[in-house]
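As structure tokens, the structure follows; a few thoughts come after it.
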Amino acid sequence: MRRGMQKAKGISLIPVPLKDEILPGDNLAEKLAGGLHHQKAELISSDVVVVKHKIVSKAEGQLVQLDAVKPSARARAWARQAGVDARVVQLVLDESRSVLRKKVVAGRGVLITETHHGFICANSGVDVSNVDGGVKAVLLPEDPDRSAARLRAALQKKFGVSVAVIISDSSGRPWREGLTDVAIGVAGMKPLIDYRGKRDPHGYELHATAAATADEVACAAGLVCGKLERTPFCIVRGVSYQAGKGSARELVRKSENDLFR
């Protein structure tokens with residue numbers, strides 16, 4: 001076993017719901033502590049804390065009043081064609097490095113963009129759902145890896161344990177229907193486990209296998225957190241991961257290796 005690897009003996013998923021809405025300036029470590037206390041649970045070393053990006057964005061003030069957004073001619077033109085809010089389109093454009101695809105699917109338009117973080121996703125991650133009924137839009141955290149590192153430091157100070165933190169978001173996938181959760185921010189763990197050069201049980205040397213551990217953990221948490229259950233935290237216990245410094249940017253495939261652009 002590699003140095004720093006946590007050995008799995010079965011995985012537990014502990015969803016942590018919150019009663020209150022997250023507001024700008026809220027302390028997420030304190031919110032998690034309150035949620036754990038309410039259900040008589042605790043945080044222990046080697047746990048992975050998965051937190052939905054939306055509450056991170058809310059706590060960091062990554063909210064935009066839609067009435068304050070002035071759509072450009074480009075945004076208005078696409079909004080008319082796609083049947084969407086031109087103000088949201090403008091935010092999508094503002095939050096992107098480039099627009100890779102645009103298409104109207106099932107009567108609703110979607111822009112596939114590359115965000116300033118380097119993520120390839122729908123509509124630059126701009127979202128109006130689960131915010132306040134359509135008055136504001138929420139953006140992705142400005143630097144999700146930094147946000148994860150800050151939360152990890154706060155949790156370790158409060159609980160006195162060594163944990164990893166993943167900030168998750170839902171994402172579509174080429175050739176597959178439906179959304180799954182992915183890691184957009186990582187702290188305290190390697191997001192990938194590289195098996196290249198290792199041999200399988202039959203002696204065959206692996207040449208292209210790297211497991212996206214952080215994405216797998218984010219997906220596992222999504223099974224119990226859901227989309228409508230007001231459960232923004234999940235403690236994933238017993239998962240095998242390599243502790244250490246890591247970044248969600250390592251999960252973004254370089255453009256020269258990307259067959260879908």
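Net charge around Phe260, counting only other residues with Cβ within less than 13 Å of its Cβ (Lys, Arg = +1; Asp, Glu = -1)?
+3
If each residue of separation counts as 0.36 nm, what is the full-extension length gain between Leu179 and Asn27 once their alpha-carbon separation is subtracted?
So the extension gain works out to 51.9 nm.
List the lysines whose alpha-carbon lies under 19 Å from that of Lys54, not counting same-chain residues fewer than 8 positions away?
Partners within reach: Lys19, Lys31, Lys136, Lys227.
Give, as a single signed number, the net charge of other residues whose beta carbon lies under 11 Å from the beta carbon of Ser98, with Lys and Arg counted +1 and Asp and Glu -1.
Computed value for this residue: +2.
Which whole-Hz couplings ³J(HN,Hα) result when phi for each residue of the range 58-66 is put into the Karplus expression 6.51 cos²θ - 1.76 cosθ + 1.60, θ = phi - 60°, listed in order with x for Gly and Pro?
So the J values, rounded to whole Hz, are 5, 4, 8, x, 7, 10, 10, 6, 5.
Per residue, what accessible area does the chain have, given a 1.4 Å probe and all protein chains present, in Å²?
Per residue, the chain has 55 Å² of solvent-accessible surface.
Keeping every protein chain in place, order Asp20, Asp47, Asp26 by accessible area at 1.4 Å, biggest value first, i.e. largest first.
Asp20, Asp26, Asp47
Under 16 Å Cα to Cα from Lys157, which aspartates and glutamates show up? Leave out anything in the same chain fewer than 8 places away.
Correct list for Lys157: Glu30, Glu42, Asp47.
Suppose the chain between Ser45 and Asp94 were pulled fully straight at 0.36 nm per residue; how much longer would it get relative to their current alpha carbon spacing?
13.7 nm
Assuming 0.36 nm per residue, please report the length gained on full extension of the stretch Arg80 to Ile11 beyond their Cα-Cα distance.
20.1 nm
In whole percent, how big is the carbon plus sulfur part of the accessible area of the chain, probe 1.4 Å, protein atoms only?
Of all accessible area on the chain, carbon and sulfur atoms account for 51 percent.
Please report the relative contact order for the chain, taking Cα pairs under 8 Å with a sequence separation of at least 6, and give it as a percent rounded to a whole number.
Once divided by the residue count of the chain, the mean separation gives 28 percent.
7 Å from Cα along Cα→Cβ at both Arg146 and Ala210: what's the point-to-point distance in nm?
It is 2.5 nm.
Taking only C-alpha pairs under 8 Å that are 6+ residues apart, what is the relative contact order of the range 21-129 in percent?
Once divided by the residue count of the range 21-129, the mean separation gives 17 percent.
Residue-wise, which Karplus ³J(HN,Hα) couplings in Hz belong to the range 95-104, taking 6.51 cos²θ - 1.76 cosθ + 1.60, θ = phi - 60°, and x for glycine or proline?
Once rounded to whole Hz, the list reads 8, 10, 7, 7, 9, 8, 8, 9, 7, 9.
If you build a Gaussian network model of the chain, linking Cα atoms that sit under 10 Å apart, which residue out of Pro17, Pro71, Pro141 swings the most?
Checking each option, the largest mean-square fluctuation is seen for Pro71.
Using a 1.4 angstrom probe and counting only protein chains, how large is the accessible area of Leu28 in Å², to 10?
20
Enumerate the residues in the range 49-67 having an amide nitrogen under 19 Å from the point lying 7 Å beyond the Cα of Val135 toward its Cβ.
Of the residues in the range 49-67, 55, 57-67 have backbone N under 19 Å from the label point off Val135.
Running a GNM on the chain with Cα contacts under 10 Å, which residue among Gly238, Gly35, Gly178 ends up with the highest mean-square fluctuation?
Gly178
Excluding ligands and nucleic acids, what accessible area in Å² is computed for Arg249 using a 1.4 Å probe, to the nearest 10?
110
What does DSSP give for the chain in terms of the percent of beta bridges that are antiparallel, rounded to the nearest 5?
90
The values are calculated or read from the model by the stated rules, or taken from the named source; none is laboratory data. No experiment lies behind these values; they were computed from the predicted model shown. Here Cβ is always computed from backbone atoms with ideal geometry, including for glycine, and neighbour counts include all displayed protein chains. These accessible areas exclude ligands, DNA and RNA; they are computed on the full protein's heavy atoms, side chains included. Shrake-Rupley method; radii C 1.70, N 1.55, O 1.52, S 1.80 Å.
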